[in-house]
1. With r defined as the distance between the Cβ atoms of Gln40 and Thr4 and R0 fixed at 30 Å, what FRET efficiency is calculated, to the nearest 0.05?
2. Dipole of region 136-180 (Lys/Arg Cβ +1, Asp/Glu Cβ -1, origin at the Cα centre): which of Pro173, Val147, Ala162 lies farthest to the positive side?
3. Once Lys and Arg get +1 and Asp and Glu get -1 on their Cβ, which of Gly116, Thr54, Leu197 lies farthest toward the positive end of the dipole of the chain?
4. Which residues among region 169-183 fall inside the zone where the amide N is under 20 Å from a point 7 Å beyond the Cα of Val119, along Cα→Cβ?
5. Accessible area of the chain with a 1.4 Å probe: how many percent of it is carbon plus sulfur?
6. When a/c is below 1.5 the answer is rounded, else prolate if a/b is larger than b/c, else oblate, so apply that to the chain with a ≥ b ≥ c taken from the square roots of the Cα gyration tensor eigenvalues.
7. Could I have the simple spin-label model distance between Val216 and Asp235, label points 7 Å from Cα toward Cβ, reported in nm to one decimal?
8. How large is the charge dipole for region 30-111, taken about the Cα centre, if only the Cβ atoms of Lys, Arg (+1) and Asp, Glu (-1) carry charge, to the nearest 20 debye?
Amino acid sequence: MDTTVTLYLDLLKKVLTNVIYKDSAQQASWYYFGEGYHEQSRVNGEDWPTVAHTMVGLKRLDNLQDCIETIIADKVPGDLIETGVWRGGACIFARGILRAYGVTDRTVWLADSFEGMPVTDDGSYPGDRELALHKHNDQLAIPLDQVKANFDCYGLLDDQVAFLPGWFRDTLPNAPIKRLALLRLDGDLYESTTDALVNLYPKLSPGGFVIVDDYVIPACREATLEYREKQGITDTLITIDDTSAYWRKSG
């Protein structure tokens, strides 16, 4: 790899996770992230940063880079999408990788409500209802304009970035995406994970990747395993860190 590309992508990861200025974690009522900044938590994506543009951590950005570089090297056809983007950091990194390699024929898609998590009620999947992540929308709801502004900070807001605002059940069935090379799931919930897999996995090219950011969450894991079983998917699930997993779609 070209040294300049390596330096750019390494710096981009450090800025997106803010391991440089070390912002402290936000606190959630259901989990105590600890006071101040903790390097291992940021590396592993185990906190909700106050300033950083992503909460996925360095290990998962390394995985994203490996997947995209493999897609480029192997000429796997298709665009890239993340379902559930928060402040947009992982997608900013994906766009940065394409820019660094001079790739001009792929789009990075961002699917998100841009209003936070959907409200769960008595009719919701039990695991989703138990999580009740909508109670944290003061921290999780990032408006579309803010995500666009974050892209613009890095000089990466252009016509190779596209947005699908709305609930997945409404936007994904008719998303104007012909083919995907990478599907990154970060919707946390059973419903969100299922909506993304049902509507987008059939568009994933052989050799493409599925990344499940929230595999550690029981509801998300159940949705993933149920879909794989129904579709007869036997491709090996590989652990990224204590939270996430991925697989590569075989022929």
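The values are calculated or read from the model by the stated rules, or taken from the named source; none is laboratory data. None of the values given here were measured: they were computed from a predicted structure. Counting neighbours? That spans all protein chains shown, and the Cβs are built from the backbone with ideal geometry, glycine included. Remember, those area values only see protein heavy atoms, side chains included, never the ligands or the DNA or RNA. Shrake-Rupley method; radii C 1.70, N 1.55, O 1.52, S 1.80 Å.
1. On the way: r = 29 Å, r/R0 = 0.98.
After rounding, the FRET efficiency stands at 0.55.
2. Farthest along the dipole direction, towards plus: Pro173.
3. Value: Leu197.
4. From region 169-183, the list is 169-171.
5. Details: 5740 of 11340 Å².
Carbon plus sulfur share of accessible area: 51 percent.
6. Details: a/c = 1.41, a/b = 1.04, b/c = 1.36.
Rounded, because the longest to shortest axis ratio a/c is under 1.5.
7. My value for the distance between the label points is 2.4 nm.
8. Numbers: 8 positive and 11 negative charges, 47 e Å.
Taking the Cα centre of region 30-111 as origin, the dipole is about 220 debye.
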